[in-house]
1. What FRET efficiency would be calculated for the residue pair residue 39, residue 146, taking the C-beta separation as r and a Förster radius of 56 Å, to the nearest 0.05?
2. Hey, for a label at residue 96 modelled as a point 7 Å past Cα toward Cβ, could you say which residues of the stretch 114-141 have their backbone N under 19 Å away?
3. Once phi is turned into θ = phi - 60°, what whole-Hz ³J(HN,Hα) does the Karplus curve with 6.51, -1.76 and 1.60 give for every residue of the stretch 218-235, x standing for Gly and Pro?
4. If you add up the charges near residue 134, with Lys and Arg at +1 and Asp and Glu at -1, over every other residue whose beta carbon is less than 14 angstrom from its beta carbon, what do you get?
5. What order do 135, 299, 72 take when sorted by accessible area (1.4 Å probe), most exposed first?
6. For the full complex of protein chains and a 1.4 angstrom probe, list 277, 142, 327, 246 by accessible area with the highest value first.
7. Enter the accessible area of residue 181 (Å², nearest 10), with the probe set to 1.4 Å and all protein chains included.
8. On the full set of protein chains, 1.4 Å probe, figure out the accessible area of residue 122 and give it in Å² to the nearest 10.
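The values are calculated or read from the model by the stated rules, or taken from the named source; none is laboratory data. Predicted model, so just to flag it, every value in this text is computed and none were measured. Please note: Cβ atoms are built from the backbone with ideal geometry, for glycine as well, and neighbour counts cover all protein chains shown. With ligands, DNA and RNA removed, areas are computed over all heavy atoms of the protein, side chains included. Shrake-Rupley method; radii C 1.70, N 1.55, O 1.52, S 1.80 Å.
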Amino acid sequence: MKIETIVIQGLNLTLWGLYCLAYVLIFSSNWNTTTPGFIAYTAICSIIGLVLCATAWQFALGPVVRRARSIDLTMGARLAGTAVGLGLFHAFASVAIEPWIFGRPLGAFGRLMAMNFISFVFIYGLVFCFGVLLDLVRRDSDRRERLAMAESRASRAQLMALRLQINPHFVFNALNAVASLIALDRKNDAEEMVHRLSRFVRGVTDTSPHEFSELRAEIELAEEYLAVEAVRFQERLNVVVEAGADEADFLVPNFILQPLVENAVKHGVARNTSTTDVVIRAERRPAGLRLTVLDRCEDPSPVTTAAPGLGIGLANVRDRLRALYSDAAALVAEPTPHGFCVTLDLPKITREGAAR
């Protein structure tokens, strides 16, 4: 049994026990009743309230509160309505059993109904509100846990970017391409490539992976990487970016594009001798943003050697999305008739939410 359930049911039991004790001590002298009869009456009323409250929270309200995305006015109205409904039923039952226990009603029906209704609704409402408070504490604890996990994943992602994504092979190929440009007396091209390589490395090392950034910054970083690779692959690599100004402002996790773009180059461009498109596409959706990275070769001519597998980049991205968004984000990777496609569905996040 979860600790929240134990605490809520403990409060439920305590409140109904206090109700029983208070009525016995305070109100038994106001009617001409025997003390044993009044104790039995209040005990029965307390047991009814205890069972109704426990059942309502355990099987109806509790699961609804835990599944709700947020605690809003609609949820408050549902809790209040349940408290009022249970209060009416309980008040009617308590008045109905008076003749059975005492042989006669203890007063006017309306007066007894109103008095019992107010007491019972107060107890039901107090238990339900405390249950919601515990759920809010649980949500905050879960959010902090996910944030800590996201920071841990992001830290490992940055190290992975330095060890794997800017791997020795990439640096070697880039420097070798620079040397080739210098040998061909293409000094301007060599200088431009060094500048691009420098900007790319700076972009990876200077940005904290714990933060979110605008999609345009992620695209610029990916373009720097692709521009360096373009010197190596020349006409075999064609970059296509399909993102408007509206999509470019969308906040996405840092370094989320880089492993996807590298996979497209490594397992798409490097495997074909003909031209391969690397497409970065962003589309606004009602719930957020759909981000697609694909490699596309209309006339594939495979090279003799190809790197096996899809690398660990996709697993890294999937882990980061789960840590940052829980189940609100999705990653789908699948082959296409002309290559491979990775699609990310990201929920919208505000700048205030990204800063927390």
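1. On the way: r = 51 Å, r/R0 = 0.90.
After rounding to 0.05, the efficiency reads 0.65.
2. 114-121
3. Using θ = phi - 60°, the values come out as 5, 5, 4, 5, 5, 5, 4, 4, 5, 5, 5, 5, 5, 5, 6, 8, 6, 6 Hz.
4. Residues near residue 134 contribute 0 overall.
5. 299, 72, 135
6. 327, 246, 142, 277
7. The value for residue 181 is about 10 Å².
8. 140 Å²
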